[in-house]
């Protein structure tokens, strides 16, 4: 009887934290869904150990639910974890379970930790930890582990487009060995590994500053069609 009551209490507690997590994520997704499309200018700075990458500029186009295009004259390292990948994943409530955790301050903002676990093995995302500002319903920090890119930590800063849940800056911390970089950059890393050896746990920092948002202008699907 005692064991049964213990299990019952655990089940109730899990149910409560799961419902709380679902409610918090629902508000985040609802805010993101107000964005039907956007165009934004991205200034990208990458600090990768032993690799010299010049700052680059790109134009990003997005359209619901997962159309995403980057136009740039140079090499752009743009982790999709902070853009479409996690947003698309969260929009499909049936694809994961979520549990609420502790509260903590990030950048002076009180946040709630939500841990998200996929239901199936087909998901590219293995685990996601999201620190959410529940007052504004935006993600302040994330730690996303994927099958192809390892773990990527991201911190978010918001400006005048916070009402849409769109950040003004993203700072990514990547595992250099696990993260898929553009081929030319990866070739440099492979050469560097031979010459000087990059440490196994080397971290890279990618800072993306986003300006000149144009939201819900009615972007055409043809814009996202690949040219032959």
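The values are calculated or read from the model by the stated rules, or taken from the named source; none is laboratory data. What you see is a predicted model, and the numbers here were worked out from it, not measured in a lab. No Cβ is skipped: glycine too gets one built from the backbone with ideal geometry, and neighbour counts run over all protein chains shown.
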Restricting the search to segment 30-44, which residues are under 17 Å from the mean Cα position of the chain (by Cα) and either part of a loop (DSSP other than H, G, I, E, B) or over 20 Å from residue 214 (Cα atoms) (or both)?
33, 35
What number of residues within segment 121-159 are in contact (Cβ under 8 Å) with a residue 40 or more places away in the chain, within 23 Å of residue 38 (Cβ to Cβ) and not in a strand (DSSP E or B)?
1
Residue that is buried (at least 17 other Cβ atoms within 10 Å of the Cβ), at pLDDT 95 or above, under 15 Å from the mean Cα position of the chain (by Cα) and closer than 23 Å to residue 95 by Cβ, where the choices are 139, 144:
139
Residue 77 versus (1) in contact (Cβ under 8 Å) with a residue 60 or more places away in the chain; (2) over 22 Å from residue 147 (Cα atoms); (3) outside any strand (DSSP E or B): which is the lone unmet condition?
(2)
Looking at segment 202-220, I want the residues that are on the phi > 0 side of the Ramachandran plot and crowded, with 17+ Cβ neighbours inside 10 Å and have a partner that is at pLDDT 95 or above and not in a loop (DSSP other than H, G, I, E, B) with Cβ atoms under 9 Å, at least 6 apart or on another chain. Which pairs are those?
none
Identity of the residue in segment 99-120, closer than 21 Å to residue 85 by Cα and assigned to a loop (DSSP other than H, G, I, E, B), that ends up modelled with the highest pLDDT:
119
Within segment 47-74, the residues that are in contact with a helix residue (DSSP H, G or I) (Cβ under 8 Å, 6 or more places away or on another chain) and within 19 Å of residue 171 (Cβ to Cβ) are 48, 51, 53
Within segment 76-98, tally of residues that are touching a helix residue (DSSP H, G or I) at 6+ places or on another chain (Cβ under 6 Å) and surrounded by fewer than 18 Cβ atoms within 10 Å (Cβ to Cβ):
1
If we keep only residues of segment 45-72 that are touching a strand residue (DSSP E or B) at 6+ places or on another chain (Cβ under 8 Å) and in a loop (DSSP other than H, G, I, E, B), then the residue surrounded by the fewest Cβ atoms within 10 Å (Cβ to Cβ) is 55
